[in-house]
Structure formats: structure tokens, C-alpha cells
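In what follows, a structure is listed as C-alpha cells, so that the remarks can point back to it.
The values are calculated or read from the model by the stated rules, or taken from the named source; none is laboratory data. Model, not experiment: these values are computed from the prediction. No Cβ is skipped: glycine too gets one built from the backbone with ideal geometry, and neighbour counts run over all protein chains shown. Note: areas computed on protein heavy atoms with side chains; ligands, DNA, RNA excluded. Shrake-Rupley method; radii C 1.70, N 1.55, O 1.52, S 1.80 Å.
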Amino acid sequence: IISVFKTSIREKDLIYLPSVLNKLEGLSKWNTDLEDCDNILRVESYHEIAEEIKSILSKQGFVCEELED
């Protein structure tokens, strides 16, 4: 499953973001596109984890909104 999020992630956040995201069960891989105006976070997972991603990032103080296809 591929999920794409509009976020408030910045370059400096990439230092600790892997320690947060890599703990998620079912997450296959993820990447960011911080050159995009929406600071895109793209996640590939084995099952639906979009709500979990939004919750975790919100608790870390990020804006995180799933983009629809």
C-alpha cells in the first residue's frame, strides 16, 4: 500500500525521523520530497498504516495530512 502525505517535515528533521518511522510494524520503505511545496512523505507498507503515521507525526509536532489519489 502506498500512502502520500503533505507534511511540515524539514531537512533538519531527517536526523531523527528514521528512528520514529522505522519502528512502525508493516512499513516497507519511506522517503521524503522536501523540494515539493507540500514537503511530501511517501510511505510503502504491507497493510494500511496511514492513521498510525498521522498520529505518530502529530505527536512529534508535525502537520501531516494524507493526500488522496
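Quick grid of which residues meet (1) farther than 16 Å from residue 68 by Cα; (2) touching a His at 6+ places or on another chain (Cβ under 7 Å); (3) of a type in the set (S, T, N, Q):
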| site | (1), (2), (3) |
| --- | --- |
| 2 | no, no, no |
| 9 | yes, no, no |
| 23 | yes, no, no |
| 32 | yes, no, yes |
| 42 | no, no, no |
| 48 | no, no, no |
Checklist outcome for this item: Output for Cβ contacts, cut-off 8 Å, separation at least six or different chains, first residue more than 20 Å from residue 45 (Cβ to Cβ) in the range 1-26, second open to solvent by 10 Å² or more (accessible area, probe 1.4 Å) and among the β-branched types (Val, Ile, Thr), reads 8/63
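Each row is one residue, and each column tells you yes or no for (1) surrounded by 14 or more Cβ atoms within 10 Å (Cβ to Cβ); (2) not in a helix (DSSP H, G or I).
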| residue | (1), (2) |
| --- | --- |
| 9 | yes, yes |
| 19 | no, no |
| 23 | no, yes |
| 36 | no, yes |
| 41 | yes, yes |
| 47 | no, yes |
| 54 | yes, no |
| 57 | yes, no |
